[in-house]
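Read the structure below first, then the notes.
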Amino acid sequence: MATGERGAGDRVREAVRSLPSGTSADARISHSAWTTIRFANGRITQPLAERHAYLSFRVAEGGRLGTATTVDLSPEGIAAVVRAARALARVAPVEEKFPGFPSDGAPRPRPVPFSRATAETRPETATRIAERILASAARAAPGGRIAGVVNVGGESLRVVNSSGLDRSTRTSAAHTNVLVDRPDRDPPVSGWSEGAHWDVRRLDAERIAREAGERVARSAPESVAPGRYRVLLRAPAVADLVGFLAHLGFGGQGEVEGWSCLRRRRGRRIAPSRVHLVDDARSPWTLPTAIDGEGVATRATPLIDHGVARGAVTDVLTSGRLGRPLSGHALSPEAPQGSWGPIPSHLLLAPGSAREEELVRATRRGILVTRFHYVRVVDPGRSIITGMTRDGTYRIERGEVVGPVRNLRFTQSIVEALHGTELLGRERRITGSERGGSAATVPDLVTSGFRFTSATLF
């Protein structure tokens, strides 16, 4: 941690400790450095180097909680945000079951994988990655229009509170997504790929670019009728499924408010035993972090234990409301994250043993989906979501990919889709948010029944 970062953190710690009797608090101090290279029309269009400092300060007075934030970490800025948080707490409703902020006891956080070279990547290096992506995609899809982004960097997070907790973590992440399209075709066709890693040297950016180019249809997509199909979902689509399920089924807020889709299914089988989903922010197969937004040590947490649904995750507020221990899944408490409650955000779905060609053969007759677009929740209590296929949708007949199809809208229960899982791929891909705050590491997946409710003209 740099001297300036340490000094700001120490000033915040002193502000927490100097609050009057009867007032408790916790605070998150983050410093981040990111390089973002955006490209469109086959050339770099928007290079950005960003350095950012941020403070989230939460106070509790008489069971009333208030949170304020600032980017001013000067003594004056810290004093102002403390005053704002206390003012908000005075008008907040009483949290009857607030358990207090966690102490600095067990379990202690342990170091997690981290790449200093990634966190300190220079803009010139990120630019060269983007240039290699453009070249690789152009070779795979001559005449295609190439767009996408490269994000490389890292963040330090320090959490302090009035119970004596003072913990830190450093994270690093490299992420890219690539879109290749042919707007000159009628209808237009496109291909997509994405990936992430905590070590920029292990982000296979050129392969990702090549995949996007290879997924561009070479012939005009045909229409298929809406209905139920066996579907082969590539990793980006699978990541969407488990990501929405993390919120709808395993978030503590849904458990408290009663709308969780798994509230009455804990301990019951919801999928075949091959479906094993854990949340593990410590794993080298994700974008690791040692602590959550309240300073609690992260750990491996089974969500679907070989087909059986396990419990919801917690933060300080939901642990008090549910009477359960902290699980290490707190987000920062300010809006919008704070209104979501705790959510598993480092998901790992266990792989199977099938190669890509075996997954296609096993699908026999169905649809291959590269990714989803504009996914929204329809019914949280039944895990029903809706959205569109996009950027590489193909028809499979007799165990072979026979040609592209026009995109389809789906309306589907996530739990039903996982219950129908027939086969999992052997290779997993890390997909993550642009700034590394969440990740899903998943294989391709074949499910027996996926409901498409309407078709499109493209």
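What percent do you get for the relative contact order of region 3-214 when only Cα pairs under 8 Å and 6+ apart count?
22
Please report the relative contact order for region 308-451, taking Cα pairs under 8 Å with a sequence separation of at least 6, and give it as a percent rounded to a whole number.
Taking the mean separation of contacting Cα pairs over the length of region 308-451, I get 22 percent.
FRET efficiency for Asp186 and Glu427, Cβ-Cβ distance as r, R0 = 30 Å, nearest 0.05?
It comes to 0.30.
With Cβ to Cβ distances under 11 Å as the rule, what net charge do the other residues near Ser115 carry (K, R +1; D, E -1)?
Residues close to Ser115 contribute a combined charge of +2.
When only alpha-carbon atoms are used, what values of Rg and Dmax, in angstrom, describe region 1-91?
Cα-based Rg and Dmax for region 1-91 come out at 17.3, 60 Å.
Along the three principal axes, how long is region 3-214 when you take its alpha carbons, biggest first, rounded to the nearest angstrom?
69, 36, 34
Could you compute the net charge surrounding Val278? Neighbours are other residues with a C-beta less than 15 Å from the C-beta of Val278; K and R count +1, D and E count -1.
Around Val278, the charge tally is +2.
Taking θ = phi - 60°, what integer Hz values does the Karplus form 6.51 cos²θ - 1.76 cosθ + 1.60 yield along region 391-405, in sequence order, with x for Gly and Pro?
Listing the rounded values in order: 6, x, 10, 10, 8, 10, 10, 6, x, 9, 6, 9, x, x, 10 Hz.
Give me the number: length gained by fully extending Arg43 to Arg139, i.e. 0.36 nm times residue separation minus the C-alpha to C-alpha distance, one decimal in nm.
Computed gain between Arg43 and Arg139 is 33.1 nm.
List the residues whose amide H sits under 5 Å from the amide H of Arg228, counting only those 5 or more places along or on another chain, with H placed 1.01 Å from N in the peptide plane.
It is Phe452, by chain and number.
Take the alpha-carbon centre of region 397-456, take the same for region 1-50, and report the distance between them in whole Å.
Centre-to-centre (Cα) distance: 36 Å.
Residues with beta-carbon under 12 Å from that of Arg51, excluding Arg51: net charge, scoring Lys, Arg +1 and Asp, Glu -1?
-4
How large is the charge dipole for the chain, taken about the Cα centre, if only the Cβ atoms of Lys, Arg (+1) and Asp, Glu (-1) carry charge, to the nearest 20 debye?
840
Restricting attention to the alpha-carbon atoms of region 344-458, what are Rg (one decimal) and Dmax (integer), both in Å?
14.5, 41
Taking 0.36 nm per residue of separation and subtracting the Cα-Cα distance, what length does fully extending Ala80 through Glu257 add?
60.3 nm
Mean separation of Cα pairs under 8 Å and 6+ residues apart, divided by the residue count of the chain: what relative contact order is that in percent?
Once divided by the residue count of the chain, the mean separation gives 16 percent.
Using the Cα centre of the chain as origin and beta-carbon charges of +1 (Lys, Arg) and -1 (Asp, Glu), tell me which of Thr453, Ser339, Ala205 is placed farthest towards the positive end of the dipole.
With unit charges placed on the Cβ atoms, the residue in question is Thr453.
Can you put Tyr54, Tyr394, Tyr374, Tyr229 in order of Cβ neighbours within 10 angstrom, beginning with the fewest?
Tyr374, Tyr54, Tyr394, Tyr229
Need one number: convex hull volume per residue for region 93-214, Cα atoms only, in Å³.
Convex hull of Cα atoms, per residue: 183 Å³.
Give me Phe114, Phe452 ranked fewest to most by other Cβ atoms within 10 Å of their Cβ, as a rough exposure proxy.
The most exposed by this proxy come first: Phe114, Phe452.
Every read-out reported here was derived from the displayed coordinates using simple, explicitly stated rules and does not represent laboratory data. Because the structure is a prediction, the values reported are computed rather than measured. Neighbour counts are summed over all protein chains in view; Cβ atoms, including those assigned to glycine, are modelled from backbone coordinates with ideal geometry.
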